[in-house]
Each structure stands twice: as structure tokens, then as C-alpha cells.
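Here the structure comes first, spelled out in C-alpha cells, and everything after it is commentary.
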Amino acid sequence: MKQHIHNFWNTKWILILTAGVLLGLSFPPFPLPFLIFPAFVLIFRLINLSNSAREAAYLTYPAFVIWNLIATYWLMLATLAGGIAAILANSAVMTIPVMLQYKIQQQKLKPWLIAFLQAGCWLGYEYLHHQWDLAWPWLTLANAWANVPLLVQYISITGYWGASFWVIFSSALAYQAIKNYRRSTLIAALTVLFIFPVFSMIKLALEPKPQPKAILEVVVVQPNFNSYQTYGGFLSSYQATRHLLQLSDSLRTPETQLIVWPENAVQADFSNLNSFSPVANQTKRLLTRRSKAWDATLIAGATYFQFYDRGKVPLLPYSSPNGPFLPFNAALGFL
């Protein structure tokens, strides 16, 4: 048994594959967020097995590719080439904090300080990754805990960066405890690991339960639209709208006050120009009549085109015979 553990701990390709799979399984829809801790322990092991910052990047890059593939494979459903390029590029960006973590690992510092600085490297990467045009928020470490909000209530104080810090600092401390076994480091790692979720549960338990002043009946409609086909897979936008109306009618009651449709519900192209789309105008009248008949507010997602007068706005990236315009992923309300 010890020989198997030794072989696992010192075989780079096994560490790479295991770390990548564990990272991928840590994120929704998989309900396994705790796998993110051993995954990053293995990442720190790969860093420690490296002889240079460049080698650390080379070793962790395949693990990050596997992570990106498992967690964001859906990018390739929209565009195969673009999805693959995005996954490979994002994995490469992830190696930047790893190289910094390697440099820190080489310093003769106290284990807790090494772990703290390594956590800072990853948080710095996540923060900067949110600030530029190629921002990629999906794999922020805090998102791994989306299905277990009970354990991350502390982010109401720290923001989601607190969850990312918790993951990296705990994992880095755990690796320091394994690398150079010290009872104090092990205790520190376990304390950091458990104190955040325990604090969250206590905080939630002590919070007063809000008493509703009124009850609002809401119907949420989620059709099985194929977003990669025209009109969601129907023959026309009108058919898609009729399908949503039938679903709404089958669920609502006379007490229903709000009906919510999803992001891509309305397939007609709405705009601020009545002449732009007769189908959109017809759909608007239909939905307005139906919401009044229901005596309920309808909120629906749609693509909305805002047209501007030529010469009265700065240069826009989109233009048509109707003038320059901007497309919006909009939410529309019908009363």
C-alpha cells in the first residue's frame, strides 16, 4: 500500500490526470465541491516536483485543460473551434499564478506565509481575469460552491473572493503540512478548512428568519428550446411563442400575479423601430393582450435592437439600412 501511495505521489502524469479530473468534478453540475481541496494539493505537489517556473506551467497546463474541458465543455456546442481555442487559452492563463507560486515555494519562509502568498497569487489572477476583455468568471473557485450555499455564507462579508481564498489557502497549508510535517501546520490547515463553513452555518442559524408580508404567486416557465436552432427548433417565432403561452396557461391560476419566461423565450426581434419587424410587433400585441387577460405581469427574455439616428451618436460597430444599432440581451415586461 505504501508503495502504491509513493508511486502516485511521485508520478507526474498520474498527478496531472487526477488533479484535472478532480477539479472538473468540483464544479456544477457535479455536487462534489470538496474535491477541489485534494485537487489543489496535487497542483501544489506538481509545483514542488518542478525544477523551474516554466516546468511548473508545463506540468499543470494539461490538468487545467482537463478541468476546463469538463467544466466548460458546453462552449464547444456553440462553436467547436472557438470553444477549443477558448479552453486552451484559458488554461494557459491559469499557469501564470502557478509560476508565481513556484517562485514563492522556493523561498525560505514559514509554511503559513508560503501558503498565504500562494493564495494571494491565485486571488490576484482571478481578480485581474475579471477586469479585461477576455474575462472568464465561470471557473472562479467560489463557483464550485454554488450548490452548497449553506457553507459559504461568509461571502456576504468577504465577497466571493473569500471562498477562493479559503480553497487555495487551505490547500496550500495542507500541502505544506504534508511536505514538511509539522503538527502546528496541520492544525492550522484543519482550522482554516473548517472555520469558514462552521462560521457560515452559525451565521445562518443566528440570522432572524424573515417573515413574508405578502405572498406572491409566480409561475416560472422553462420550455425545452434548442438554442442552437432557429426559432428554438420551431418552424416560426409565432409557434415558439404559442408554445410558451400554452405552457403558461397550463400552470397559472387566477391568483398568479407574475409569469417569468427564460432568456431566449421570445424569438421575434424586438426593436425601438416599429417598421423593423412586423412579426415582433404582432408578438408584442399578442403578449400584451394575453398578460392583460391573465391580469398578471409577464417578464420574458428577448433580443432587442436599439437603433440610433445617424450622425447623432459616436461610431457604432453595427449598421443597417435602418441606421446604426446595438443589440441587447434584454428582459421585456408586458402588463
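The values are calculated or read from the model by the stated rules, or taken from the named source; none is laboratory data. Note that the structure is predicted; figures quoted are calculated from it, not measured. Note: ideal-geometry Cβ built from the backbone for every residue, glycine included; neighbour counts use all protein chains shown. Protein only, heavy atoms only, side chains kept; ligands, DNA and RNA dropped before computing areas. Shrake-Rupley method; radii C 1.70, N 1.55, O 1.52, S 1.80 Å.
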Requested in this report: Give me a count of the residues in region 75-116 that are open to solvent by less than 50 Å² (accessible area, probe 1.4 Å) and touching a Cys at 6+ places or on another chain (Cβ under 9 Å).
Outcome: 4
Query raised in the report: Can you name every residue in region 104-129 that is free of Cβ contacts under 8 Å to residues at least 24 places away in the same chain and over 20 Å from ALA163 (Cβ atoms)?
Result: ILE104, GLN106, GLN107, LYS108, LEU109, LYS110, LEU113
Report summary line: Of the residues in region 170-191, those that are among the aliphatic types (A, V, I, L, M), surrounded by fewer than 21 Cβ atoms within 10 Å (Cβ to Cβ) and in contact (Cβ under 8 Å) with a residue 24 or more places away in the chain come to ILE178, ALA188
Report summary line: Checked PRO254, PRO210 against criteria (modelled with pLDDT of 85 or more and part of a loop (DSSP other than H, G, I, E, B)); the one match is PRO254
Query raised in the report: Of the residues ALA300, ALA330, ALA293, which is within 25 Å of THR79 (Cβ to Cβ) and at pLDDT 85 or above?
Result: ALA330
Query raised in the report: So which of PRO223, PRO197 is part of a loop (DSSP other than H, G, I, E, B), open to solvent by less than 70 Å² (accessible area, probe 1.4 Å) and not aliphatic (A, V, I, L, M)?
Result: PRO223
Query - Filtered residues of region 63-103 (kept if touching a residue at least 60 places away in the same chain (Cβ under 8 Å), farther than 16 Å from THR140 by Cβ and not in a helix (DSSP H, G or I)) - result: none
**Report entry** Positions within region 17-33 being modelled with pLDDT of 95 or more and open to solvent by 20 Å² or more (accessible area, probe 1.4 Å), in sequence order
**Finding:** LEU17, THR18, VAL21, LEU22, LEU25
Query raised in the report: With respect to the numbered conditions (1) open to solvent by 30 Å² or more (accessible area, probe 1.4 Å); (2) aromatic (Phe, Trp, Tyr); (3) within 30 Å of LEU216 (Cβ to Cβ), which one is the sole condition not fulfilled by PHE276?
Result: (3)
Query raised in the report: Does region 315-324 contain at least one residue that is assigned to a helix (DSSP H, G or I), loosely packed, with under 15 Cβ neighbours inside 10 Å, under 35 Å from the mean Cα position of the chain (by Cα) and at negative phi?
Result: no
Query raised in the report: Would you pick out the residues in region 118-160 that are open to solvent by 60 Å² or more (accessible area, probe 1.4 Å), of a type in the set (A, V, I, L, M, F, W, C), assigned to a helix (DSSP H, G or I) and under 29 Å from ILE202 (Cβ atoms)?
Result: LEU150, ILE155, ILE157
